[in-house]
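Asks: One structure, as structure tokens, below. Some questions next.
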Amino acid sequence: MKEEKRPVELPENAYRELKEGEEYQPVMQPGKAYPEANFWSIGWGILMAVIFSAAAAYLGLKVGQVFEAAIPIAIIAVGVSTLTKRKNALGENVIIQSIGSCSGVIVAGAIFTLPALYILQAKYPDMTVNFMQVFLSSLLGGVLGILFLIPFRKYFVKDMHGKYPFPEATATTQVLISGEKGAGQAKPLIISGLIGGIFDFVVATFGLWREAFTSRVCAWGTALATKAKLVFSINTGAAVLGLGYIVGLKYACIIAAGSAVVWFVIVPLLPLLGDTFLQSLNPAITDPIASMEPEMIFTSYARHIGIGGIAMAGILGIIKSWPVIKSAVGLAGRELKGSKNNATAQATPRTQRDLPMKIVVGGVIVALIAVFMFFYFGVMDFNLLHAVVGILVVGIIAFLFTTVAANAIAIVGSNPVSGMTLMTLILASVIMVFVGLKGTAGIVAALIMGGVVCTALSMAGGFITDLKIGYWLGSTPATQQGWKFLGTLVSALTVGGVLIILNKTYGFVGENALVAPQANAMAAVIDPLMSGTGAPWWLYATGAVIALILNFCGISALSFALGMFIPFELNIPLVVGGLINWYVGSRSKDTALNKERVEHGTLLASGFIAGGALMGVVSAALKFAGLDLYMSNWNATSAAEWLSIVMYAVLIIYFVMSVLKKKKC
């Protein structure tokens with residue numbers, strides 16, 4: 001008699017904290033060997049890295065948004081393995097996703113800083129930018145991010161199991177495991193993915209309704225925004241709603257509270273302080289505040305408070321995680337002395353084997369030497385002092401803030417890398433000016449240093465997602481870690497070439513130039529610093545004080561600071577999703593049924609995120625091909641905005657009703 005195939009599911013303790021003595025057993029058993037890194041998975045991973053690096057670079061520079069590549073790549077990996085009827089493809093698909101997802105993190109690291117070189121080159125023609133500068137800053141930053149994160153893998157993915165939501169990792173894991181399920185088991189994910197994808201595709205491609213609903217839709221709302229600098233906005237996309245559901249109500253409320261303080265207290269109060277005082281807070285801003293919209297006040301002043309909060313929350317996080325850092329360094333020291341024998345290494349389960357610490361430490365040393373050589377020969381014009389100071393700044397900041405980047409991804413699925421990079425740029429500029437490097441040479445040096453740090457932190461945040469996926473499913477960490485370097489190399493090569501092509505084709509300055517908002521912000525900050533204008537230190541200090549107070553009160557300072565930094569419209573949907581999570585998980589008196597409903601909702605939310613991410617890529621591809629189907633005139637009307645909130649309500653009702661239909665198994 002043929003044995004019936006068991007349904008493939010994540011264990012019931014995949015998302016909750018483990019009880020004392022309880023062990024998590026992944027889908028792929030630790031005691032068995034599975035296909036992971038082979039010609040198939042590596043080949044597809046490289047192809048995904050090239051394609052998505054090019055797509056993400058263009059989209060990020062065009063509209064300022066870098067889509068997360070992990071989910072679309074996971075969908076493609078599952079689809080290809082299903083079509084070719086590959087058996088035991090789960091481990092292979094994890095490797096495809098892990099190599100391919102280097103694209104998004106390398107792109108984020110590169111486009112946030114390096115296009116600023118081209119932007120300022122238009123102002124200072126004596127500045128030079130070449131392919132090797134772009135390529136090496138991306139490659140070396142990515143390598144450092146991988147190496148710095150490896151010692152912290154066990155802490156974030158195993159020791160803190162169930163304590164962090166890991167929203168993007170959750171969605172990607174659900175996609176990957178759907179490939180091991182039958183069509184019937186994967187049906188809810190497929191349906192919700194189609195609904196979420198079509199919903200967001202219609203908005204992005206056709207503009208049938210607005211992507212965000214704001215209080216400006218009413219005349220009184222417009223007056224309130226203009227006169228009182230008060231505005232309410234909410235993103236009505238399916239993907240962001242799904243993200244909020246997975247993040248949960250607790251973290252969503254803390255994040256939204258940070259947004260509320262900024263948008264409903266700080267932004268309206270700032271105009272009362274007067275232009276003279278405000279210019280002392282941020283010398284780079286000269287426009288009168290009365291003429292600014294609330295969004296401009298947020299960007300020019302209030303957001304810097306969020307940056308200060310993130311920086312202080314990061315410092316507090318470093319202090320709190322110092323035992324973890326100390327333990328990782330101690331482990332490295334013991335392994336280097338040879339105290340860990342082969343028998344102990346073999347006794348470690350396959351699913352907990354990292355790259356040997358000797359390789360990690362050796363890799364860090366080689367990478368730092370390579371960064372120093374790059375700075376000395378390619379950036380600092382053979383000045384030994386400047387190169388030494390540069391490598392110290394980059395090495396210390398990248399290592400210490402690795403835990404901050406990983407923590408942010410684990411909580412909200414969004415890496416505040418641009419905020420941390422902005423802080424790095426400011427610190428680097430101040431330090432380099434102090435040691436005598438200023439002017440255009442100082443601008444190039446600080447931006448390259450910022451590019452290395454930005455890519456390192458972006459990689460650390462993205463890689464912790466990969467490792468959590470591997471932990472849930474049962475991949476071998478050492479395999480993921482080893483092949484991540486290849487994905488980094490391929491993505492850095494692609495991004496370097498694409499940046500130069502886009503600069504020659506469109507440019508970053510002038511009519512019809514690429515927007516590159518983050519790079520423009522970096523250029524606006526670093527130019528006055530290198531020419532003697534001060535930084536908004538008082539705004540940073542305000543954020544730092546807020547973070548200290550929150551920490552004293554036992555509130556997550558990083559979550560609150562993220563809310564102060566991330567635009568308001570992206571934070572409110574997190575609360576809506578969190579409220580749905582609470583609502584569907586509390587309707588029944590049967591605790592087991594409530595739990596099953598919450599898990600079913602996680603599956604649907606993952607579908608929303610996956611569908612929205614994939615269709616975002618499709619929409620970007622259509623625009624890149626010159627196919628403009630966007631109804632701009634209609635989208636600018638108030639009717640399109642009202643329609644957005646109506647469709648959002650319909651989406652929420654569908655979500656809630658679908659989850660509540662779930663019956664006890």
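Asks: At a 10 angstrom cut-off on C-beta neighbours, averaged per residue, how do the peptides 254-262, 594-602, 120-128, 168-176 rank from highest to lowest?
Replies: The most tightly packed comes first, giving 168-176, 254-262, 594-602, 120-128.
Asks: Let a ≥ b ≥ c be the square roots of the eigenvalues of the Cα gyration tensor of the range 62-141; is it rounded (a/c under 1.5), or, if not, prolate (a/b larger than b/c) or oblate?
Replies: Because a/c hits 1.5 or more and a/b exceeds b/c, the range 62-141 counts as prolate.
Asks: Further question: Which whole-Hz couplings ³J(HN,Hα) result when phi for each residue of the range 448-457 is put into the Karplus expression 6.51 cos²θ - 1.76 cosθ + 1.60, θ = phi - 60°, listed in order with x for Gly and Pro?
Replies: Per-residue couplings from phi come out as 5, 4, x, x, 5, 5, 4, 5, 4, 6 Hz.
Asks: For the chain, what is the accessible area per residue in Å² when the probe is 1.4 Å?
Replies: I get 41 Å² per residue for this part.
Asks: How would you rank 461-469, 150-158, 637-645, 215-223, highest first, on the average number of other Cβ atoms within 10 Å across their residues?
Replies: Going by the mean number of other Cβ atoms within 10 Å, highest first, we get 461-469, 150-158, 637-645, 215-223.
Asks: Working with all protein chains in place, sort F131, F568 by solvent-accessible area computed with a 1.4 Å probe, largest first.
Replies: From most accessible down to least: F131, F568.
Asks: Got the relative contact order for the chain handy, in percent, Cα pairs under 8 Å and 6 or more residues apart?
Replies: Contact order relative to length: 33 percent.
Asks: Using the structure shown, list the pairs from K163/K663; K358/K484; K163/K484 with a Cα-Cα distance above 24 Å, or answer none.
Replies: Cα-Cα > 24 Å for K163/K663; K163/K484; rest within.
Asks: Additional query: Restricting to Cα pairs below 8 Å that are 6+ residues apart, what does the relative contact order work out to for the range 73-227? Please round to a whole percent.
Replies: 26
Asks: How large is ³J(HN,Hα), in whole Hz, for each residue of the range 360-375 in order, when computed from phi with the Karplus curve 6.51 cos²θ - 1.76 cosθ + 1.60 and θ = phi - 60°, using x for Gly and Pro?
Replies: 5, 5, x, x, 4, 4, 5, 5, 5, 5, 5, 5, 4, 4, 4, 5
Asks: Just read off the accessible area of M296 with the full protein assembly in place, 1.4 Å probe, to the nearest 10 Å².
Replies: Estimated to the nearest 10 Å², M296 gives 100 Å².
Asks: For the residue pair A524 and W642, what label-to-label distance in nm results when each label sits 7 Å from Cα along the Cα-to-beta-carbon direction?
Replies: Result: 3.5 nm between the two label points.
Asks: First measure r as the distance between the Cβ atoms of K85 and K187, then evaluate 1/(1 + (r/R0)^6) with R0 = 25 Å and state the FRET efficiency to the nearest 0.05.
Replies: Calculated value: 0.80.
Asks: I would also like to ask the following. Say the dipole of the chain comes from +1 at the beta carbon of Lys and Arg and -1 at that of Asp and Glu; which of M615, P30, T170 then lies farthest toward its positive end?
Replies: Checking the options against the dipole of the chain, the answer is P30.
Asks: Can you list residues whose amide H is under 5 Å from A212's amide H, if they're 5+ apart or on another chain and H is modeled 1.01 Å from N?
Replies: T236
Asks: Further, regarding this structure: Heavy atoms only, probe 1.4 Å: what % of the accessible area of the chain goes to carbon and sulfur, would you let me know?
Replies: Using a 1.4 Å probe with all protein chains present, the chain comes out at 67 percent carbon and sulfur.
Asks: Could I ask something else about it? Return the calculated 222 nm mean residue ellipticity for the chain, to the nearest 500 deg cm²/dmol, obtained by summing -39500 (n - 2.57) across DSSP H runs with n ≥ 4 and dividing by the residue count.
Replies: -21500 deg cm²/dmol
Asks: Another one. What nm value, rounded to one decimal, do you get for the distance between D590 and L230 when each label is placed 7 Å out toward the C-beta?
Replies: About 4.6 nm separates the two model spin labels.
Asks: If you put +1 on each Lys and Arg Cβ and -1 on each Asp and Glu Cβ, how big is the dipole of the chain around its Cα centre, in Debye rounded to 20?
Replies: The calculation lands at about 1620 debye.
Asks: Now a separate question. Please give every one of the aspartates and glutamates within straight-line cross-link reach of K123, meaning a C-alpha to C-alpha distance under 14 Å, and leave out same-chain neighbours fewer than 8 residues apart.
Replies: D527
Asks: How large is the accessible surface of D527 in square angstrom, using a 1.4 angstrom probe and rounding to the nearest 10?
Replies: Approximately 20 Å² for this residue.
Asks: Consider the candidate values (i) 14, 30, 37, 16, 3, 1, 0; (ii) 19, 55, 25, 1, 0; (iii) 16, 39, 25, 12, 8, 1, 0; state which one is P(r) over Cα pairs in 20 Å bins from 0, in percent computed from the structure displayed.
Replies: Matching the structure shown: (ii).
The values are calculated or read from the model by the stated rules, or taken from the named source; none is laboratory data. Keep in mind it's a predicted model, so treat the numbers as computed, not measured. With ideal geometry, Cβ positions are generated from the backbone for all residues, glycine too; neighbour counts draw on all protein chains shown. All accessible areas refer to the heavy atoms of the entire protein, side chains included, with ligands and DNA or RNA removed. Shrake-Rupley method; radii C 1.70, N 1.55, O 1.52, S 1.80 Å.
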